[in-house]
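This report concerns only the one structure given below.
The values are calculated or read from the model by the stated rules, or taken from the named source; none is laboratory data. From a predicted model like this one, the values you see are computed outputs, not experimental measurements. Positions of Cβ are generated from backbone atoms using ideal geometry, with glycine treated the same way; all protein chains shown enter the neighbour counts.
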Amino acid sequence: MKLLKSLTYTSVLAAALFSASSFAATPIHTHGLVGTWHNANPSSRGIIKVVVTKVGGHLKFKSYGSCHPNPCVHSTVMAQPYSRNISSNHAVGFTAYRNSGFKTTRFDAMRDYGQSSGAFLRLNSFNKYATGDSRKNYASSDLFVKR
């Protein structure tokens, strides 16, 4: 009976430990991403500006579209930072998701170290329109410079 109780307690403890959600630690140094980034192409008709902030330990992402006479302001969303490898604590990129109701967008951003030692941010966006919308899903990629 003692053996059965011992096995039961051990099983419950093991189940609790292995079923608990576990997430990898995110990079804590995000200063290389935080700031205001402007599209390197001044005649872009897509996203013209990106603002990345860190509030309460969380990375946030906001973009601005090319509208006239003033830029379109998109909603601020949470961003998940990523490092270059499993042992680095310095973020070099992030992902973010925005649901605008009529479309959802996934953003993938990464510092572009092939261009002036990382002075640029490459932003890829993947846009999917809601069911029934006649517009085509599309992807875009833009290069941004910090100012």
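Observations on the structure shown:
- Count of residues meeting criterion [acidic (D, E), within 19 Å of G46 (Cα to Cα) and surrounded by fewer than 14 Cβ atoms within 10 Å (Cβ to Cβ)] in the stretch 99-141: 0
- Filter result for S75 (more than 22 Å from H38 (Cβ to Cβ) and loosely packed, with under 13 Cβ neighbours inside 10 Å): no
- Taking residues in the stretch 87-100 that are at pLDDT below 95, and partners anywhere that are surrounded by fewer than 18 Cβ atoms within 10 Å (Cβ to Cβ) and of a type in the set (V, I, T), the pairs with Cβ atoms closer than 6 Å and at least 6 places apart or on different chains are N89/I28.
- Filter pass, Y113 being out of contact with any strand residue (DSSP E or B) (no Cβ under 7 Å at 6 or more places or on another chain) and more than 13 Å from V50 (Cα to Cα): yes
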